[in-house]
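The values are calculated or read from the model by the stated rules, or taken from the named source; none is laboratory data. What you are looking at is a predicted structure, and each value in this text was computed from that prediction instead of being measured. Quick reminder, even Gly has a Cβ in these numbers, built from the backbone with ideal geometry, and neighbours come from all protein chains shown.
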Protein chains: 2
Amino acid sequence: MARGNLSIHLAERPTGEIIPGTTFTAKTSPAPSPSDLKDGQILVEVLYLSLDPTLRAQLNDRRSYVPPVQIGAVMNGASVSRVLATRSKQVSEGDYVYAATGWTEYAILEEGKFEPSSQYPGLRQPQDMLSALGITGVTAWYGMTQIGDPKPGETVVVSGAAGATGSVAGQIAKLKGARVVGIAGSDDKCRWLTEELGFDAAVNYKAADFKQKFKEATPNYIDVYFDNVGGDILDMCLIRAKEFARFVECGVISQYNSADPKGIKAIGQLVTMRIKMQGFIIFDHREHFPRARAEISKWLEEGKLKKNETILQGGLRAAEQGLVDLYRGINTGKLMVEVKNPNETPSKL
Amino acid sequence: MARGNLSIHLAERPTGEIIPGTTFTAKTSPAPSPSDLKDGQILVEVLYLSLDPTLRAQLNDRRSYVPPVQIGAVMNGASVSRVLATRSKQVSEGDYVYAATGWTEYAILEEGKFEPSSQYPGLRQPQDMLSALGITGVTAWYGMTQIGDPKPGETVVVSGAAGATGSVAGQIAKLKGARVVGIAGSDDKCRWLTEELGFDAAVNYKAADFKQKFKEATPNYIDVYFDNVGGDILDMCLIRAKEFARFVECGVISQYNSADPKGIKAIGQLVTMRIKMQGFIIFDHREHFPRARAEISKWLEEGKLKKNETILQGGLRAAEQGLVDLYRGINTGKLMVEVKNPNETPSKL
């Protein structure tokens, strides 16, 4: 009898927050088998599934850089997987690959649709392909070095600073000689930023005196704002912007769940302070991946960059609640679901 | 007896719209005399006073690129003047100069604080130093060519399109081969844009079916948005932006009079559509003035660029109501006040 392949499908488009048990539905179908493979294809089992803020946006039926997930389709998601069988010369059995498998336990992938671990220099653990060396790390590298471009002594503010992208972005700004201020959602996260990651200051946006504390932490105003959240904090940073500030628009996590996003009032500051505000999607900049990964890998090795992961247990079924909790700030560093522990014996299909 | 010098002073900071008779107060003091001049100084009489949307922002006591006008001080403003007496070798008696004289009839200016008409190639009338060859023309040139940078066939949208800056910006985009859509506040202005200036389409934002008409006018979405207005129209253009769109933030005329500006909700589009949104102030880019003026002058001469002015009569006292009416869209092209007709005999001081 074939082994079962659990997968999670979109059942209903949420208008606001994802509703566990309603938005998604689980299905079990027979797992694919090595005999299904055509030339150039590989069969993988998912080890770690990445949970990313932008996944919520892909549930909306709107013009965007990725087509929306269709009702009934397997939920979008990237993962690091292990190769169980291969008819591609690019990988061997047992190798790790990064791919957009979706929320499933097993998948067949074709060449061009997966990245072998050989493209991740200095890889020590498979989960690094999702965190510091993964998309979020490379996103932080690109946004901070290619758009924000902080000069020594400049003030850099990072929101979502304890998250997967923000924590790396802030550390890169420190490596460039900037004074770095993080914004995060708990005192514990703020302590982690200053005591472990070396941020110059960190401010808890949930604290009653947040605006005052933020002002005190940015006495020379803001040269670079690396924005992961949008909303009120973006407005506050616009008011606090210095002349010729660069605003790196990486994400708007505060708004993804909202059908009626918060309006940004201080847009006039773009003119007054001659601000450049630039959004980006890392997949437009693949030519930078090798350099970004090489630099990040070197910094990790030298101990100049620290990473963190929040790994949820419970298998693929934990993904739905995990995605809900992502918007509530459950994670420090990269949030992922352990679908299968890499130390366990590979599945026999 | 010395001739009187009328000047208009800030009496009270408005919180919303300028209130005629309350915001400003008129004073008459003795006009300066040639005998007051020190080496390098010139004595001028103002011919045309420029009325610009940003003047309202300078009435607020806020951190900005120009210090706010102080209570009791002469109101800020640029003008084209005639030299009545000179102790500078840079100009002769009877020459025209551009300077920030403020709202006054006569002024003493020192070298470095005025621009001789020799810096305006192809000048035909003194008022051109305020319109097509002036700051608004150069602003349009810089914003459109250096930030918007439209490619042939791209869709360019200009708001405030019948204004001093917008009308030139749109025509420059046409000269670069773009498809140009103007947004203006009356059917007459829209007709002027399409029939006289060669815009491909123009939409009246005061019409009930504006949003639908705008959608129809931008079937391929927006590559470049030259924003003079901010507010709801900016939000609408963000929603309508194409991938890698450039948003040139030149001004936010819809918001200057508001103590509680309209929030922009579609900021998430910056990420989704990878938009670059950049504000600028032309005075940071003086090194571009000679090239901008040379190109504009050539286009004017060849009939490829058309300019327009709305010139208010009634002398300096007309400036206050003129500034109020500027935000109501009284003007087509550059709005200015004729303080003294250049064909009249120069004053004898």
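Assorted remarks:
- Qualifying residue in region A:96-111 (condition: modelled with pLDDT under 95, surrounded by fewer than 20 Cβ atoms within 10 Å (Cβ to Cβ) and touching a helix residue (DSSP H, G or I) at 6+ places or on another chain (Cβ under 9 Å)): no
- Qualifying residue in region B:265-286 (condition: within 22 Å of B:Asp200 (Cα to Cα) and touching a strand residue (DSSP E or B) at 6+ places or on another chain (Cβ under 9 Å)): no
- Hits in region A:252-265 (condition: more than 10 Å from every other protein chain (Cβ to nearest Cβ) and either over 18 Å from the mean Cα position of the chain (by Cα) or more than 28 Å from A:Pro14 (Cα to Cα) (or both)): A:Ala259
- Here A:Leu234 meets the list (1) away from chain B (no Cβ under 14 Å); (2) surrounded by 22 or more Cβ atoms within 10 Å (Cβ to Cβ) almost entirely, failing just condition (1).
The rows are residues; the columns are (1) over 21 Å from B:Thr165 (Cβ atoms); (2) in contact with a Ser or Thr (Cβ under 8 Å, 6 or more places away or on another chain).
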| position | (1), (2) |
| --- | --- |
| B:Asp260 | yes, no |
| B:Arg274 | yes, no |
| B:Phe289 | no, no |
| B:Lys298 | no, no |
| B:Lys307 | no, yes |
| B:Leu312 | no, no |
| B:Gly315 | yes, no |
| B:Tyr327 | no, no |
| B:Pro346 | yes, no |
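- Any strands (runs of 3 or more DSSP E) falling wholly within region A:76-195 and containing at least 2 residues that are closer than 30 Å to A:Arg246 by Cβ and assigned by TED's automatic domain parsing to the domain that holds A:Gly279: A:155-159, A:179-184
- For the condition aliphatic (A, V, I, L, M), modelled with pLDDT under 95, closer than 30 Å to B:Pro68 by Cβ and within 20 Å of the chain's Cα centre (by Cα), B:Ala132 qualifies.
- Some residue of region B:156-177 being in contact with a Lys or Arg (Cβ under 8 Å, 6 or more places away or on another chain), surrounded by fewer than 24 Cβ atoms within 10 Å (Cβ to Cβ), more than 25 Å from B:Gly137 (Cβ to Cβ) and of a type in the set (A, V, I, L, M): no
- Breaking point among (1) exposed (fewer than 15 other Cβ atoms within 10 Å of the Cβ); (2) over 20 Å from B:Val324 (Cβ atoms); (3) over 19 Å from the mean Cα position of the chain (by Cα), for B:Val66: (3)
- Yes/no for A:Gly177 being within 14 Å of chain B (Cβ to nearest Cβ), on the phi > 0 side of the Ramachandran plot and not acidic (Asp, Glu): no
- Within region B:303-345, the only residue that satisfies the criterion of being among the β-branched types (Val, Ile, Thr) and free of Cβ contacts under 8 Å to residues at least 12 places away in the same chain is B:Thr345.
- Of the listed requirements (1) under 27 Å from B:Phe283 (Cβ atoms); (2) in contact (Cβ under 8 Å) with a residue 12 or more places away in the chain, B:Leu6 misses just one: (1).
- In region B:38-56, the residues that are out of contact with any helix residue (DSSP H, G or I) (no Cβ under 7 Å at 6 or more places or on another chain), of a type outside the set (S, T, N, Q) and buried (at least 18 other Cβ atoms within 10 Å of the Cβ): B:Ile42, B:Val44, B:Glu45, B:Val46, B:Asp52, B:Arg56
- Given (1) at the interface with chain B (Cβ under 7 Å from one of its Cβ atoms); (2) of a type outside the set (A, V, I, L, M); (3) within 18 Å of A:Ala78 (Cβ to Cβ), index of the condition A:Gly268 fails: (3)
- Every residue from region B:271-302 that is free of Cβ contacts under 8 Å to residues at least 12 places away in the same chain, closer than 28 Å to B:Val337 by Cβ and either facing another protein chain (nearest Cβ under 7 Å) or among the small types (Gly, Ala, Ser) (or both): B:Asp284
- Residue within region A:208-223 that is of a type in the set (Gly, Ala, Ser), farther than 24 Å from B:Tyr65 by Cβ and more than 10 Å from every other protein chain (Cβ to nearest Cβ) present: yes
- Residue within region A:244-254 that is within 22 Å of A:Pro126 (Cβ to Cβ) and among the aliphatic types (A, V, I, L, M) present: no
- Identity of the residue in region B:79-93, crowded, with 23+ Cβ neighbours inside 10 Å and among the hydrophobic types (A, V, I, L, M, F, W, C), that ends up nearest to B:Ser50 (Cα to Cα): B:Val80
- When the criteria are applied in full, A:Ile275 fails the requirement of being of a type in the set (A, V, I, L, M) and under 17 Å from the mean Cα position of the chain (by Cα).
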